[in-house]
Amino acid sequence: MADDDEVTAGTDVVVDTATSPLYHFLRGITHALNRLLFRTTVEGREHVPPTGPVILAPVHRSFVDFFIASEVTERKLHYMAKDSLWKHPRAGRFLLSVGAFPVRRGAADREALRRAQRVLEAGEVLVLFPEGTRRSGPVVEDLLEGVAFLAARTGATVVPVGIGGSASVMPKGSRLPRPRHVHVVVGEPLPPVGRSQSGRVPRSQLRAATDQLREAVQELYDRAVERTGRY
């Protein structure tokens, strides 16, 4: 994890908080597909604050989790997405228009962290998968500390999310989704991460907050899987 100064330094980022007609159109299509193909059901929407910076922290078992996460709130969403999706300029412009921005995997991408921080400082909602990449199986483990770090830096509310059934819809390696029931459980917001008197985020606090997030996501994931009968 990069330190505070490394994230703050660098070229500033302008966050687009507006929702364009294209964004509304694509969001509507996404909702329709979620409900028609996946019969998506959600419990706990009331736990997402209607205003202010929020980090949605869902479990990640399928590519469709990006689309399923949009069901938990009507607010505009911003996503980190792997930078390889930006290889084609048109695809890159399209992704930016729907709130996505690139992140390099396997490294501390300070530019992505700066952009994520600016999204939250603008009072927006950031979807950040704390596992870092798609994983498999029933156990949530080894979360990255990015969620806790950004929450401490910005005062954002962290909302854990469990998604059950998405792995059966489109497991890692598949190209097309299958119609299956997906259930989402949105948890209560987690307590804010503490900071030292100097304003820095102690590593022990990051680790403790990340452990707490892992326990919350695991519980919500178990509940969502129990509802669908599938991972």
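Summary of computed values
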{"quantity": "Filter pass, VAL158 being modelled with pLDDT of 95 or more, in contact with a helix residue (DSSP H, G or I) (Cβ under 6 Å, 6 or more places away or on another chain), under 22 Å from THR40 (Cβ atoms) and surrounded by 21 or more Cβ atoms within 10 Å (Cβ to Cβ)", "calculated": "no"}
{"quantity": "Matching residues in segment 96-118 - criterion: being buried (at least 17 other Cβ atoms within 10 Å of the Cβ) and either of a type in the set (Asp, Glu) or closer than 14 Å to LEU26 by Cβ (or both)", "calculated": "VAL98, GLY99, ALA100, ASP109"}
{"quantity": "Residue match in segment 142-155 (condition: surrounded by fewer than 18 Cβ atoms within 10 Å (Cβ to Cβ), closer than 22 Å to SER70 by Cβ, over 13 Å from the mean Cα position of the chain (by Cα) and in contact (Cβ under 8 Å) with a residue 24 or more places away in the chain)", "calculated": "no"}
{"quantity": "Hits in segment 168-193 - residues which are among the basic types (Lys, Arg) and within 18 Å of PHE129 (Cα to Cα)", "calculated": "LYS172"}
{"quantity": "Some residue of segment 208-224 being in contact with a helix residue (DSSP H, G or I) (Cβ under 7 Å, 6 or more places away or on another chain), touching a residue at least 60 places away in the same chain (Cβ under 8 Å) and part of a loop (DSSP other than H, G, I, E, B)", "calculated": "no"}
{"quantity": "Subset of segment 71-97 [in contact with a helix residue (DSSP H, G or I) (Cβ under 8 Å, 6 or more places away or on another chain), in a helix (DSSP H, G or I) and more than 19 Å from ALA122 (Cα to Cα)]", "calculated": "GLU71, VAL72, LEU85, TRP86, ALA91, GLY92, LEU95"}
{"quantity": "VAL59 being under 22 Å from LEU36 (Cβ atoms), surrounded by 15 or more Cβ atoms within 10 Å (Cβ to Cβ) and aliphatic (A, V, I, L, M)", "calculated": "no"}
{"quantity": "Residue ID - surrounded by the most Cβ atoms within 10 Å (Cβ to Cβ), chosen from residues in segment 177-195 that are part of a loop (DSSP other than H, G, I, E, B) and among the hydrophobic types (A, V, I, L, M, F, W, C)", "calculated": "VAL182"}
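The values are calculated or read from the model by the stated rules, or taken from the named source; none is laboratory data. Because the structure is predicted, anything quoted here is derived from the model rather than measured. Virtual Cβ from ideal backbone geometry, glycine too; neighbours counted across all protein chains shown.
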